[in-house]
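Working notes, beginning with the structure itself.
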Amino acid sequence: MTTDLEQTVVARGFCIGCGACAVAPQSPMRIVMNDNGQYEAVATPVDENDQDLRSVCPFSDTAINEDEIGRSIFGDGCEYVMNIGYFHKVHAGHVIEGDFRDRGSSGGFGSWITSELIKKGLVDFVLHVKESPSSAPSGSPLFEYAVSSNVEEVRSGSKSRYYPVHMASVLRHVREHEGRYAIVGLPCFIKSVRLLQESDVLLAERVKYCIGLVCGHLKSSMYAENLAWQMGIPPGELRTIDFRVKDTSARADRYCIEASDGTKKVSRPVRDLFGTDWGAGAFKYKACDFCDDVFAETADLVIGDAWLPEFVDDPQGTSIIVTRRKELSDLIASASKENRIEVRSLTASEAIASQAGGLRHRRDAISYRLAKERKTGGWVPPKRLRASSALFSSFDRVRQNIRTEYRNESHRMHRIARDSGDIQTYLAAMDVIYGRYKKLRAGLVDRVTGAVRRALRNIP
């Protein structure tokens, strides 16, 4: 039996591997890791199963979109602004109490807010991504979703995880174990939880809060493997990796990456490693180029990096927090009065500016990518922005084409390099593509600078 989901989302490479389709009782779907180090859904043969699982998939053509979900949950009492979605309050700041900020990637709000939910008795458990147990067999994924029941367990899940994970096992746990849960996830993952809650009474009752993460895109496991290889840890020997080690002598965006093979630990500044330019998109899931949600618009609260000029020079990092429920806004306000956190209000425009690059790619340029994908004659996921290439200059089209090539070739060339045992095979091939990308970007800067100079000369 071939499911409708297989024929559309999976067959066209748009599966993000969230695991929602595998959670439904008697689902024929299971989640496996493919040759590119990405989780994806595959169907197992069943005698009788007529489930249409598209309704719980964040990329399907039958699931409701983020605006519809947001309106139904947050429509009363929240404002709506395109690119952010519905919101109650927007803040920027950092955690003062404890070592949340030191242990976190940015201002420490991710683990702090989930710890507060437990401490205040609002939830009993938190579902979030943590390092896989040290007892896991060699070759196991480095990170996985886990269930935490106290503050210390929550805090052990601090930091950003640029690594593939799926929620199938922890969502099954929710269905099988009573309690009140909060779940932390990327925008598409949170959307799939909301879609599941539409038809699953237990998940609707037990998942009390969805905490979203501002997202650029999801990486395959090859990203971690390749970075570690550049630092001298060959494929198959990587045991742990920390993608965001703060460098207190540098700006917040100039952090380090630290990896270990179990005996030695190595660390390098992120900018010294090839392939860490987030805009270029090495080892990105294809699905991420067809997602238009940056601010986790279906989450009760979303946290990200406050990439604004007034914050970026602080090496300890500053978080941006968007709340969509009054009780969460009140929780933040109360903690601020108690001097446990330091926050200041932001406008919606400032929040959008903090993620300007990601929004340009994910929201503005998705129209071109959709139009280009449709020319292949296959299925594409429906999005809130229509497919069109009419408004894009030749420069914009070339830039998007190079990014797509870079995304695809990063996986292919890493496999070839891994098979040959020579990372230079990867670096040499990818440097050619990246060189074209940098040249194009430099040309844009020159054009803008020239236009500004000409305009200034014409000022009386």
Somewhere in the stretch 258-269, is a residue in contact with a helix residue (DSSP H, G or I) (Cβ under 9 Å, 6 or more places away or on another chain), over 30 Å from residue 122 (Cβ atoms) and in contact (Cβ under 8 Å) with a residue 60 or more places away in the chain? no
Filtering the stretch 299-338 down to residues that are of a type in the set (Val, Ile, Thr) and over 21 Å from the mean Cα position of the chain (by Cα) yields 332
Can you tell me which of (1) out of contact with any helix residue (DSSP H, G or I) (no Cβ under 8 Å at 6 or more places or on another chain); (2) not aromatic (Phe, Trp, Tyr); (3) not in a strand (DSSP E or B) is the one residue 32 doesn't meet? (3)
Subset of the stretch 285-298 that is of a type in the set (Phe, Trp, Tyr) and under 12 Å from the mean Cα position of the chain (by Cα) - its residue that is nearest to residue 37 (Cα to Cα): 285
Filter the stretch 112-125 down to residues that are hydrophobic (A, V, I, L, M, F, W, C) and touching a Leu at 6+ places or on another chain (Cβ under 7 Å), then give me how many there are. 2
Somewhere in the stretch 57-65, is a residue among the β-branched types (Val, Ile, Thr), under 28 Å from residue 86 (Cβ atoms), open to solvent by 40 Å² or more (accessible area, probe 1.4 Å) and in contact (Cβ under 8 Å) with a residue 60 or more places away in the chain? yes
Looking only at the stretch 297-323, count how many residues are more than 13 Å from residue 186 (Cα to Cα) and open to solvent by less than 10 Å² (accessible area, probe 1.4 Å). 7
Subset of the stretch 230-259, residues buried (at least 22 other Cβ atoms within 10 Å of the Cβ) and not in a loop (DSSP other than H, G, I, E, B), comes to 241, 257, 259
Please count how many residues of the stretch 149-163 are open to solvent by less than 40 Å² (accessible area, probe 1.4 Å), touching a Lys or Arg at 6+ places or on another chain (Cβ under 8 Å) and closer than 26 Å to residue 216 by Cα. 4
Quickly run through the stretch 428-460 and pick out the residues that are modelled with pLDDT of 95 or more, more than 29 Å from residue 14 (Cβ to Cβ) and either hydrophobic (A, V, I, L, M, F, W, C) or not in a helix (DSSP H, G or I) (or both). 428
By residue number, the members of the stretch 282-338 that are over 21 Å from residue 255 (Cβ atoms), of a type outside the set (A, V, I, L, M) and part of a loop (DSSP other than H, G, I, E, B) are 285, 291, 292, 293, 295, 297, 298, 300, 324, 325, 338
Restricted to the stretch 70-127, and to residues that are touching a residue at least 60 places away in the same chain (Cβ under 8 Å) and basic (Lys, Arg), which residue is surrounded by the fewest Cβ atoms within 10 Å (Cβ to Cβ)? 120
Residue hits (the stretch 164-196; part of a loop (DSSP other than H, G, I, E, B) and surrounded by fewer than 23 Cβ atoms within 10 Å (Cβ to Cβ)) are 177, 178, 179, 180
In the stretch 325-379, what residues are touching a residue at least 60 places away in the same chain (Cβ under 8 Å), closer than 30 Å to residue 62 by Cα and among the aliphatic types (A, V, I, L, M)? 352, 359, 366, 370
Only one of (1) open to solvent by 50 Å² or more (accessible area, probe 1.4 Å); (2) touching a residue at least 40 places away in the same chain (Cβ under 8 Å) is not met by residue 53, so which one is it? (1)
Quick one: in the stretch 355-386, of everything that is surrounded by fewer than 17 Cβ atoms within 10 Å (Cβ to Cβ) and within 15 Å of residue 8 (Cα to Cα), which residue is nearest to the chain's Cα centre (by Cα)? 382
Only one of these is of a type in the set (A, V, I, L, M, F, W, C) and touching a strand residue (DSSP E or B) at 6+ places or on another chain (Cβ under 6 Å): 201, 165. Name it. 165
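The values are calculated or read from the model by the stated rules, or taken from the named source; none is laboratory data. Only a predicted model underlies this, so the values are computations on that prediction, with no experimental measurement involved. Heads up, the Cβs are rebuilt from the backbone with ideal geometry, glycines too, and the neighbour counts pull from every protein chain shown. Ligands, DNA and RNA are excluded from the accessible area calculation, which covers all protein heavy atoms including side chains. Shrake-Rupley method; radii C 1.70, N 1.55, O 1.52, S 1.80 Å.
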